[in-house]
1. I'm trying to understand the selection: among the residues of segment 184-203, which are within 19 Å of Ser152 (Cβ to Cβ), in a strand (DSSP E or B) and not β-branched (Val, Ile, Thr)?
2. Kindly indicate whether any position in segment 68-88 is crowded, with 17+ Cβ neighbours inside 10 Å, part of a loop (DSSP other than H, G, I, E, B) and at positive phi.
3. Restricting attention to segment 269-292, does a residue exist that is under 22 Å from Glu84 (Cβ atoms) and hydroxyl-bearing (Ser, Thr, Tyr)?
4. Would you check which residues across segment 137-154 are under 25 Å from Glu85 (Cα atoms), small (Gly, Ala, Ser) and surrounded by 24 or more Cβ atoms within 10 Å (Cβ to Cβ) and list them?
5. Scan segment 162-199 residue by residue and report those that are acidic (Asp, Glu) and either within 18 Å of the chain's Cα centre (by Cα) or crowded, with 24+ Cβ neighbours inside 10 Å (or both).
6. Output the qualifying pairs, or none if there are none: Cβ atoms under 6 angstrom, residues six or more apart or on different chains, first residue in segment 190-211 and of a type in the set (Gly, Ala, Ser), second residue modelled with pLDDT under 95.
7. Is at least one residue of segment 214-227 surrounded by fewer than 21 Cβ atoms within 10 Å (Cβ to Cβ) and closer than 26 Å to Ala83 by Cβ?
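The values are calculated or read from the model by the stated rules, or taken from the named source; none is laboratory data. This is a predicted model, so every value here is computed, not measured. Positions of Cβ are backbone-derived with ideal geometry, glycine not excepted, and every protein chain shown enters the neighbour counts.
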Amino acid sequence: MRVLFLVVIGLAVTAALIDHETKEEFKDFLSKFGKHYDNPIEFAKRQAIFAKNKLKRIAHNLKFAADQVGWEEEVNEFSDMTAEEFLKHLGYVPDPRNGTDDGAIPASVYYSGQNKRFGQIDWRSRGKVGPVKNQGGCGSCWTFSAVAVIESCVAISSNSGPPDLSEQQFQDCLHSKVCSPGGGWPANAIDNAKNGLATEAEYPYVTRNGNCHAGSRAATVGSRISGKGEGDLERLLSSGVVSVALDASTLQGYRSGVIDAASSGATNHAVTVVALSTDCAGRSQECWVVKNSWGAGWGEKGYFRVVKGKNSIGVANVCDTAVNCNGKGGDNNPTPNPKPKPSGTDRPGGDMPNQPKPANNKDDCANRCRSTNGCKAWAFDTCGNNCWLKSMVTGGVQRECRDSGTR
């Protein structure tokens, strides 16, 4: 009882020291984000945290104005949370496999022999990224990151728009199996989708605990590719959007700009890299464009940017993507599904060692040839996903479900 009394007195004193303007801002904050605290002790506690975060935000934005940091902060739904509370509710937990990953193809193997820089790419402009979603109060960032990868993988593999797939299925059926505090890791979810993933319409996200049940195999993953470091992240991004686990400490108040904080070994939030851009506000030559799962009203319409070159905030600590997915794409199809050429051109013979290798399409196959030492020609199975790299240019012959070319 005496401890509670001292807490109440302390909060009362703190409340008395908070200026009128901040108190009014806190009321506006509660109204804007639909929050309410009926318990007067909790109300005073949240108001005090809000005031403390305001001072931090003002100090940070003065640095932004002085060009000392690359991103600006603002009031958002997390402004009445401590840093510890904010990170705890996100939902990412470290993969218990401790670096042993039998379910994935290492990037070093999948991109073996490809030494070129893959460069700028934006899967949004290609119509392969679905809309920003909102995980709400559940610790389910990992499900949203994994589903974003799978949706884009289906879109790329089927030459369609991205389908709308189920996050709730992963939340109900994997790891903690609860909304809060939740917890899981995207690699496990992507691997699980090799057995099938339902659509959002069939198995909707409800922002609360659900019951794991069977769904349709609306989408399936062929293979998962994993890597670590910004070199691997760039390689993986050439195949599709990439799930990454990073340190979200800088994201609590993020409004806009390019995050150029120091590297971090912490991994507490899973998000999805969708682009490598040169639109970096002068903070770096290139930067990663990252899709979050806190709604389109957060950050830069649901996205944020991170400098490339120093693993800022641990953006490349853990990287996973999916390839060779099956499923029906979304209705926002930018181009019709291609039909196999009934009499395409093949180039038999001259195969390099360890062929064929998977590729998303003929352009992907051609790019692999251009980036592989000794490759002179290529052939692609338009009815599947196989790519043959060739050490010599052979004569073209007509063959069903084939396309080919020279370097």
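1. Leu197
2. No, every residue in segment 68-88 fails to be crowded, with 17+ Cβ neighbours inside 10 Å, part of a loop (DSSP other than H, G, I, E, B) and at positive phi.
3. Within segment 269-292, none of the residues are under 22 Å from Glu84 (Cβ atoms) and hydroxyl-bearing (Ser, Thr, Tyr).
4. Ser140, Ser145, Ala146
5. The first filter runs over segment 162-199 and keeps only residues acidic (Asp, Glu), leaving 164, 167, 172, 191.
Across segment 162-199, the qualifying residues are Asp164, Glu167, Asp191.
6. Pairs found: Gly196/Arg217; Ala198/Gly215; Ala198/Ser216.
7. No, because not a single residue in segment 214-227 is surrounded by fewer than 21 Cβ atoms within 10 Å (Cβ to Cβ) and closer than 26 Å to Ala83 by Cβ.
Results for (1) in the same structural domain as Tyr111 (by TED's automatic domain parsing); (2) closer than 17 Å to Gly91 by Cα; (3) not in a strand (DSSP E or B), shown as yes or no for each residue.
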site	(1), (2), (3)
Ser249	yes, yes, yes
Ser256	yes, no, no
Ala261	yes, no, yes
Ala266	yes, yes, yes
Thr272	yes, yes, no
Arg283	yes, no, yes
Phe304	yes, no, no
